[in-house]
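This report concerns only the one structure given below.
The values are calculated or read from the model by the stated rules, or taken from the named source; none is laboratory data. These numbers come from a predicted model, not from an experiment. So basically every Cβ, Gly included, is an ideal-geometry build from the backbone, and we count neighbours across all protein chains shown. Calculation scope for accessible area: heavy atoms of the full protein, side chains included, ligands and nucleic acids excluded. Shrake-Rupley method; radii C 1.70, N 1.55, O 1.52, S 1.80 Å.
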Amino acid sequence: MSGNDHRHALRSRMSVLPRGLAAVMLAAVCTAILTVPTAPAAPASAQTAEIRRMFDVRTPMRDGVELSADVWMPAEGGPFPTIIIRTPYLKTMVMGDFSLAGWATYFAERGYAVAIQDTRGRGDSDGEFDFFFQEGEDGYDTIEWMAAQPWSNGDVCTAGVSYLGTDQWLAAREHPPSLRCMVATAAAGRWMHELPYYGGAWMMAWSLDWINGTSGRNMQTNTAGMDMESVYWHRPLITQDDVMGRDMPLFNDFLENSTMNEYWERLHFTEEDFRGLDLPVLHVTGWFDGDQPGAMFYWDGMMAHSPATDRQYMLAGPWGHAETFIGGTLTLGDMEFEPRALVDNEAEHLAFFDHYLKGTADSYDQPRARIYVVGAEEWREFDQYPPADVQATSLYLSSGGNANSIVGDGALSWSPPADDSPPDEFTFDPRRPVRASAGASFLGEDRTPLHRRDDVLVYTSEEIEEAIEIVGRVVIEFHAATDARDTDFVASIMDVHPDGRAVNLGPNIGVVRARYRNGFDREELLTPGEVARYEIDLGHIGHSFEPGHRIRIDLTSSAYPAIAPNQNTGNPVATDTEWNTANQIIFHNREYPSRIVLPIRGRRRATE
């Protein structure tokens with residue numbers, strides 16, 4: 001089996017796992033599979049022959065709880081610069097012949113000590129697991145204890161993907177004196193717009209799966225064979241965990257804290273937090289990474305406020321959540337990439353560590369941002385991100401009032417709408433929702449099968465004559481009215497290929513829950529029939545729409561089961577048991593324009 005086929009098989013086996021869990025499992029399995037690396041970013045450290053290992057190293061926390069770590073280092077010499085990874089997904093987890101232990105061995109062979117620790121309440125560690133809320137203090141205590149060991153030279157960097165990326169930021173905010181740098185990959189950080197709500201809408205499938213998976217000391221993957229459809233349709237939402245068979249306090253806490261309140265503010269980074277972080281950071285994300293909102297949030301915060309703006313680096317490729325750590329894949333959904341889209345993840349880390357942690361490399365010779373443009377299939381290098389030459393350009397929604405489904409008359413135009421452009425209407429029945437995906441995953445998939453429904457509005461541009469390259473954040477701004485007190489709007493952007501495939505772009509399906517249209521810190525119900533302005537963030541995209549292709553967006557009101565269908569009542573989401581339909585009106589005239597705003601770098605002809 002080839003490396004690429006092996007990755008596909010692994011991904012299929014893990015398709016039922018929650019996003020963060022699947023990412024880390026796949027990362028652990030696949031790091032050593034990649035065989036098509038880019039040129040090394042810097043000369044590799046010398047490789048040693050013998051490795052010393054220490055298992056179940058007990059690390060005391062300030063409250064007396066002990067956490068457990070496994071440590072790898074060269075058998076001779078020392079003390080060594082130290083890399084720390086902290087995971088709730090079990091440091092001992094093995095799948096096939098691959099694990100995070102292999103990742104640790106790679107760096108130990110090159111002169112580093114590597115500690116992989118079970119976070120509080122998970123695996124061999126004591127205490128009770130409580131999502132990210134304990135990771136700041138525990139991370140600080142772990143860094144300082146490890147730095148003080150005789151085998152450590154006192155200099156520490158952290159690494160990891162997904163949860164393992166976020167817990168680095170929380171530890172860094174506590175200012176451990178021994179922390180020298182971070183490689184934060186696919187780190188969550190935009191609460192209410194990333195986890196466990198997206199655009200204010202409850203992430204039902206993720207919440208049930210992920211919280212169940214981390215509800216014991218070992219991985220809880222016991223939903224196989226369960227009728228999850230019956231669980232998804234149970235109301236009220238607050239008792240779905242009981243129906244599934246496990247009382248999950250985190251699930252209940254998340255639902256009961258449905259605004260950006262003190263509960264979530266404990267995790268939220270402020271401008272002051274970023275000003276206090278004088279650290280070099282390699283930020284890694286992907287155009288299809290579900291935690292891209294957080295990764296970009298940390299990037300923006302560090303670039304705007306940190307004293308270390310000149311030591312921030314971005315690497316973004318055509319990757320989903322897992323691929324940000326394993327270095328990529330040649331296929332994603334219905335998309336295919338050139339081999340140059342792959343990177344050697346270990347070499348990328350090593351070059352960064354050799355300069356900023358070990359000090360054996362004179363420099364970290366990389367541009368401020370390296371990004372891969374899908375479609376053009378090329379890497380671009382920039383001295384800032386977003387690039388300075390990006391122009392925010394509008395594509396306007398229009399129709400004759402019948403944009404419903406793929407056979408409708410919805411269009412995208414570079415010209416502003418006319419005064420008399422009639423609106424589009426559809427009925428949203430939450431008991432008959434549109435699915436989030438036409439297949440196993442919406443990432444890079446053909447969404448055409450979903451465009452046959454009358455409750456999906458479809459807007460498509462004319463065929464493109466010159467390639468249009470976009471790099472940056474894509475936003476849909478629109479005006480709508482509904483007869484409900486609360487409802488959802490859901491949107492996607494696609495590249496329509498000449499063969500008719502409408503391939504989805506971006507890290508997530510875009511969602512806005514109406515009650516949060518003016519901010520996540522408060523709920524403001526609608527006045528039925530009143531026109532309101534909405535914005536849907538589709539994330540950052542690096543893509544070239546090639547000649548002969550077209551740009552498309554779809555607009556509807558559900559993405560089941562990823563998002564719990566809005567019951568359109570305006571009642572508290574956690575305890576609501578009523579269901580209402582909502583009649584939606586989307587405007588696109590001169591008074592109430594609706595548009596997608598694209599970060600366009602430029603146009604080029606096919607022969608260029």
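Observations, loosely collected:
- With a simple spin-label model that places each label point 7 Å from the Cα along the Cα-to-Cβ direction, the separation between T239 and D499 comes to 5.0 nm.
- Computed about the Cα centre, the dipole magnitude for segment 272-363 is approximately 200 debye when only Lys and Arg (+1) and Asp and Glu (-1) carry charge, each at its Cβ.
- Rg ratio (alpha-carbon, reference 2.2 N^0.38 Å) - segment 387-442: 1.57
- Of the residues V434, V471, S415, the one whose Cα sits farthest towards the positive end of the charge dipole of segment 401-471 is V434 (charges of +1 on Lys and Arg Cβ, -1 on Asp and Glu Cβ, taken about the Cα centre).
- Surface composition of the chain: carbon plus sulfur atoms contribute 46% of the solvent-accessible area (1.4 Å probe, protein chains only, all chains present).
- Theoretical gain in end-to-end length, E76 to V531 [0.36 nm per residue, Cα-Cα removed]: 156.7 nm
- Rg ratio (alpha-carbon, reference 2.2 N^0.38 Å) - the chain: 0.96
- For segment 533-549, 3J(HN,Hα) per residue [Karplus equation, 6.51 cos²θ - 1.76 cosθ + 1.60, θ = phi - 60°, Hz, x = Gly/Pro]: 9, 10, 9, 10, 8, 9, x, 8, 9, x, 8, 10, 7, 7, x, x, 8
- Relative contact order of the chain, pairs being alpha-carbon contacts under 8 Å that are 6 or more residues apart, as %: 14 percent
- DSSP-assigned coil residues among GluC sites (Glu not before Pro) in segment 508-575, each with at most 11 further Cβ atoms within 10 Å: E530
- 1.4 Å probe accessible area per residue over segment 473-595, in Å²: 31 Å²
- Distance from the C-alpha centroid of segment 58-112 to that of segment 524-573: 42 Å, rounded to the whole angstrom.
- With contacts taken as Cα pairs under 8 Å and at least 6 residues apart, segment 66-119 reaches a relative contact order of 58 percent.
- Averaging 1/r over each pair of different alpha-carbon atoms in segment 136-292 and inverting the result gives 17.6 Å, the Kirkwood hydrodynamic radius.
- C-alpha center-to-center spacing [segment 384-403, segment 125-161] in angstrom: 44 Å
- For segment 434-582, diffusion coefficient by Stokes-Einstein and Kirkwood Rh (Cα), 37 °C, 0.692 mPa s, µm²/s: 201 µm²/s
- The stretch between R217 and N518, if pulled fully straight at 0.36 nm per residue, gains 104.4 nm over its current Cα-Cα span.
- Label-to-label distance, nm, for residues given as W579 and R435 (7 Å Cα→Cβ offset): 1.8 nm
- Long-range HN-HN contacts of S421 with modeled amide H, under 5 Å: R590
- Cβ-Cβ FRET estimate between T105 and R275, R0 fixed at 35 Å, reported to 0.05: 0.40
- A dipole drawn for the chain from +1 and -1 charges on Cβ atoms has a positive end, and of A388, G286, H588 the residue lying farthest that way is G286.
- Mean separation of Cα contacts under 8 Å, 6 or more apart, over the residue count of segment 180-303: relative contact order %: 47 percent
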